[in-house]
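Notes to accompany the following structure.
The values are calculated or read from the model by the stated rules, or taken from the named source; none is laboratory data. The model shown is predicted, which means the values in this text are computed figures rather than measured ones. Please note: Cβ atoms are built from the backbone with ideal geometry, for glycine as well, and neighbour counts cover all protein chains shown. With ligands, DNA and RNA removed, areas are computed over all heavy atoms of the protein, side chains included. Shrake-Rupley method; radii C 1.70, N 1.55, O 1.52, S 1.80 Å.
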Amino acid sequence: MQLDEIDQALLAALRENARESTADLARRVGRSRTTVQGRLERLERRGVIQGYALRLAEDFEAGAVRAHVLIKVAPRESRAVEAAARALPQVRELHSVSGEYDMIAIASAANVAELDAAIDRIGLMPGVERTNSAIILATKFRR
């Protein structure tokens, strides 16, 4: 799916602030509000924009502890692992990846003990052969 420079600029602006007004977006990309509204509607219809999500301030989640959990999955068990991970509220994201591990989960918890328990639960899920975790110390930037 090809996107022109204006669509790419709109998506970049929305990554920074998905609640920005159409008028402000129009000023940023140098187009009319009506043109921007039409482009946004087209991007939504085409499935490029699938929704708008909540992103909490770093200060709000300052006490949270997060980790990347690499997951090695037994053959033909990906769906079962995905379903089990989806049911675990501490798993915020799950990605399939190439390489030695098959998936990476982004886990978040209120404290180290809760995160440790969540990582243990991931390791005990049917279909998980092994895990390797790295606690996130600081986020340098997020888009």
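A few comments on the model shown:
- Residue match in the stretch 88-107 (condition: at pLDDT 95 or above, open to solvent by 90 Å² or more (accessible area, probe 1.4 Å) and either touching an Asp or Glu at 6+ places or on another chain (Cβ under 9 Å) or β-branched (Val, Ile, Thr) (or both)): yes
- Residue check for residue 7: surrounded by 12 or more Cβ atoms within 10 Å (Cβ to Cβ), out of contact with any Ser or Thr (no Cβ under 7 Å at 6 or more places or on another chain), farther than 30 Å from residue 128 by Cβ and modelled with pLDDT under 95: yes
- Qualifying residues in the stretch 10-45 (those that are hydrophobic (A, V, I, L, M, F, W, C) and farther than 22 Å from residue 141 by Cβ) - the one surrounded by the most Cβ atoms within 10 Å (Cβ to Cβ): 36
- For the stretch 126-143, a residue qualifies if it is surrounded by 13 or more Cβ atoms within 10 Å (Cβ to Cβ) and of a type in the set (Gly, Ala, Ser), and the qualifying residues are 127, 133.
- Looking across the stretch 108-125 at every residue that is in contact (Cβ under 8 Å) with a residue 24 or more places away in the chain and open to solvent by 80 Å² or more (accessible area, probe 1.4 Å), the one that is farthest from residue 63 (Cα to Cα) is identified as 121.
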